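Working notes, structure below.
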Amino acid sequence: MKQYFAKSFEEDFILKSLEEKRKIPFQSIQNILETKTIKPNTNSFGKKKRLACIFINKNYLKTYRSQGLIFQTKAKPVEIFPFDLALLTSSNKIIVQYYRIKNSLHEYYNRKLIEGFDSFRFKNIKKMISKIPSPKIAWKLVNSFRKEKGFESLSKQKYKLVEYNEVIFSKKVKIKPVAVFGYSKLSREIAKKCGLPHENSVKKFRSRLK
């Protein structure tokens, strides 16, 4: 099966980036579709600026936000994690809902990663899926890891953060746009204007591939 990726966006379909304590507009979906390129926009956890997205798999069909772009690329990720990297930060206060951290991203994203976090880092998708094929397994493993390192077990409310994986690219990525997903009027308008199929969700998209 062909490999598909998804990049989620905020409601305005504009990627943001952090400059010191400020979140600023970085790249719009219109620019991405015109240039067929997504630029690295994420600054967090002491890592270099990177592009974070997900790969679509039968067991990983959720996204951090409910709208975005589905695409293909020949670029190779530099690393892959089976869940949101936030679960590997050295804090017991992990927030799931984006609206609760959007005004303090500089604090949330400045947290350090727990020593040994790279035991969850994979170099390619096949290896990750062979070892951690589902969110249920990822949930058990990350909880065991956190307890072993002296942190609290994650509450069930945090389970959303293992329902999607995190694929990391270190450079701008040339893409082939495949579809726009989301439930909003804007997502449908963007898809129509750019001549792309529209799907309500990544899960719906993958069901059509079958």
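Just so it is clear, none of the values below were taken in a lab; they were calculated from the coordinates. Computed from a predicted structure; not experimentally measured. With ideal geometry, Cβ positions are generated from the backbone for all residues, glycine too; neighbour counts draw on all protein chains shown.
Quick notes on this one:
- Using Cβ point charges alone (K and R +1, D and E -1), the dipole size of the chain about the Cα centre works out to roughly 600 debye.
- Length added when fully stretched, LYS126-GLU10, from 0.36 nm per residue minus Cα-Cα: 38.8 nm
- Candidates GLN157, GLN27, GLN67, ranked by Gaussian network fluctuation over the chain, Cα under 10 Å, top entry: GLN157
- In the elastic network of the chain, a GNM with C-alpha springs shorter than 10 Å, the most mobile of GLU79, GLU148, GLU11 is GLU148.
- Simple spin-label estimate for GLU152 and SER17 gives 3.5 nm between the two label positions (7 Å along the Cα-to-Cβ direction from each Cα).
- Comparing GLU199, GLU166, GLU152 in a Gaussian network model of the chain where C-alpha atoms under 10 Å apart are linked, the largest mean-square fluctuation is found at GLU152.
- Derived value for the range 121-210: Kirkwood hydrodynamic radius 16.2 Å. Basis is the mean of 1/r over every pair of different alpha-carbon atoms.
- Net +/- balance of residues flanking LYS2 in space, Cβ distance below 12 Å, scoring K and R +1, D and E -1: +3
- The antiparallel fraction among DSSP beta bridges confined to the range 5-209 stands at about 95%.
- Over 26 Å between alpha carbons, listed pairs LYS16/LYS147; LYS123/LYS172; LYS48/LYS203; LYS136/LYS174; LYS123/LYS185: LYS16/LYS147; LYS48/LYS203; LYS136/LYS174; LYS123/LYS185
- Residue-span extension gain [GLN72 to LYS136] - 0.36 nm each, minus C-alpha spacing: 20.4 nm
- In the chain, helices alone account for a calculated mean residue ellipticity at 222 nm of -6500 deg cm²/dmol, with every DSSP H run of four or more residues adding -39,500 (n - 2.57).
- With N as its number of residues, the chain has a Cα radius of gyration that, divided by 2.2 N^0.38 Å, comes to 0.99.
- Shape category assigned to the range 126-173 from the gyration tensor of Cα positions, a/c cut at 1.5: prolate
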